[in-house]
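Shown next, in structure tokens, is the structure this report addresses.
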Amino acid sequence: MQGESLKGYKHLFDPALREAGISFFAWYRLRHKFASRLVMAGVELRTVAELMGHKTIQMTMRYAHLAPAPRRWRARMGAREKRAFVSSVMAELAAERQAAAARVRGVGLRAFIFEEFGGRDADPEEAYLAEVEGSDIYVGILGKRYGKPLKSRFSATHAEYLHAEKHALRMAVWTALVPDREGHEQSFLDEVLTFHVVPSFSDGR
């Protein structure tokens, strides 16, 4: 109503989406697009952080790769020191994991996948979460299966994703086009779609 303060956006945003015939679209995608366009236009990251209301500059750094040259060129020069953690259900997506690791290495980044995990004294869950925390980029691949829940009640892939978000890693997530996706996996995908653009792929790639 005129003269009244807004107490949320859903009562305006959701009906507008329905009227336009748009589905599977989240409010936070607009924030992501807003930040991306600002960085692509050359706006300083600290200004973007202020406009986005980010609590730390690390949250804004995930958009740094979109900066125009020469900033992008300087970022590429440091790429060989960067590290990407590849995360997915291992048994279902073994070939996709290897392909993702090969692509990561092909652009000069270090790739970490569980298959190459050396022997560790630490609890396995603590060990791979430490590897996530020590990485710069999270590469997630979501398929049909959610995976076995851990003590946290999340699957390993979901726990890794949440840990990457907590530590403000740059996120790159893909999803396989599969029928009859498990309910927990669909809920996980919906969660990721709230904050990130998620390209899809099929067996034909």
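Only the coordinates and a few stated rules stand behind these numbers; no lab work does. Keep in mind it's a predicted model, so treat the numbers as computed, not measured. Neighbour counts are summed over all protein chains in view; Cβ atoms, including those assigned to glycine, are modelled from backbone coordinates with ideal geometry.
Tabulated data
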| read-out | value |
| --- | --- |
| 5 angstrom amide H check on residue 111, placed H, neighbours 5+ away | 84 |
| Kirkwood hydrodynamic radius (C-alpha pairs) into Stokes-Einstein, region 78-205, 37 °C and 0.692 mPa s, D in µm²/s | 221 µm²/s |
| Positive-pole candidate from 99, 149, 192, dipole of region 78-205, charges at beta carbon | 99 |
| Rough spin-label spacing in nm, given labels placed 7 Å along Cα→Cβ, for residue 98 and residue 64 | 3.4 nm |
| From phi via Karplus (6.51, -1.76, 1.60), per-residue ³J(HN,Hα) for region 97-109 in Hz, x at Gly/Pro | 5, 5, 5, 5, 4, 5, 5, 4, 5, x, 9, x, 9 |
